[in-house]
Amino acid sequence: MYRSNTLGADPTLTNTGGGNTSSKLMETDPLTGDSVEVLWVKGSGGDLRTAKREGFASLYLDRVRAMRPLYLGSAARGPKTPAEDRMYDLYSHCVFNLNPRACSIDTPLHTFVPTGTWITSIRTR
């Protein structure tokens, strides 16, 4: 949250009220007790500079990554396509710890980029 709020507060980096950030963290699965990798991505809506924990969607990263063949197998894929819409509808099957927050439309980018913290919707000049 700190990194997200700091990035969101800088008007040279993000548009007011916009931007998405993500982090990939190891968490304890509440059902199995196993350590699992979780993608925390700022959810749809809300202001990046004031986002709190409840403003972030949490997804089992391995489940989101498992959807990649579904996307790649679609004849028409890319932004604003039915393939992208189908992917978004499947995210509810990937939710970690019953988190009700809707994830960002940018979730695939945050998922498939290697480790680290990422920001999308960067301000353009």
### Query
So if R0 is 22 Å, what FRET efficiency would ARG77 and ILE105 give, r being the distance between their Cβ atoms, rounded to the nearest 0.05?
0.95
### Query
For the stretch 71-112, what does the alpha-carbon gyration tensor say about shape, rounded, prolate or oblate, given a ≥ b ≥ c as the root eigenvalues, a/c under 1.5 as rounded, and a/b over b/c as prolate?
prolate
## Note on the structure
Result for the chain: accessible area per residue, probe 1.4 angstrom, in square angstrom, of 60 Å²
### Query
At a Förster distance of 22 Å, what's the computed FRET efficiency of LEU90 paired with THR32, Cβ-Cβ distance as r, to 0.05?
0.55
### Query
Taking all protein chains as present, what is the carbon and sulfur share of the accessible area of the stretch 1-108, in % to the nearest whole number, probe 1.4 Å?
56 percent
### Query
If you place +1 on the Cβ of every Lys and Arg and -1 on the Cβ of every Asp and Glu, how big does the dipole about the Cα centre of the stretch 4-48 come out, in debye to the nearest 20?
180 debye
## Note on the structure
Nearest-0.05 FRET efficiency for ALA9 and ARG53 at R0 = 22 Å, using Cβ-Cβ distance, is 0.80
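Among rounded, prolate and oblate, which fits the stretch 1-73 when a ≥ b ≥ c are the square roots of the eigenvalues of its C-alpha gyration tensor, a/c under 1.5 means rounded, and a/b larger than b/c means prolate?
oblate
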### Message
How many angstrom lie between the Cα centre of the stretch 85-99 and the Cα centre of the stretch 4-63?
### Response
15 Å
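Size of the dipole of the chain about the Cα centre, Lys and Arg at +1 and Asp and Glu at -1 on the beta carbon, nothing else charged, in debye to 20?
400 debye
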### Task
Find the eigenvalues of the gyration tensor of the Cα atoms of the chain, then list the square roots of 5 times those eigenvalues as equivalent ellipsoid semi-axes, largest first, in whole angstrom.
23, 20, 12
### Query
Say we join alpha carbon atoms closer than 10 Å with springs in a Gaussian network model of the chain; which of VAL38, VAL95, VAL113 then has the biggest fluctuation?
VAL113
### Task
If a/c stays under 1.5 just call it rounded; otherwise compare a/b with b/c (prolate if a/b is bigger, oblate if not). Do that for the stretch 49-119, with a ≥ b ≥ c from the square roots of the Cα gyration tensor eigenvalues.
prolate
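The values are calculated or read from the model by the stated rules, or taken from the named source; none is laboratory data. This is a predicted model, so every value here is computed, not measured. In this analysis, Cβ positions are derived from the backbone assuming ideal geometry, glycine residues included, and neighbour counts consider all displayed protein chains. Keep in mind that these areas ignore ligands, DNA and RNA; they rest on the heavy atoms of the full protein, side chains included. Shrake-Rupley method; radii C 1.70, N 1.55, O 1.52, S 1.80 Å.
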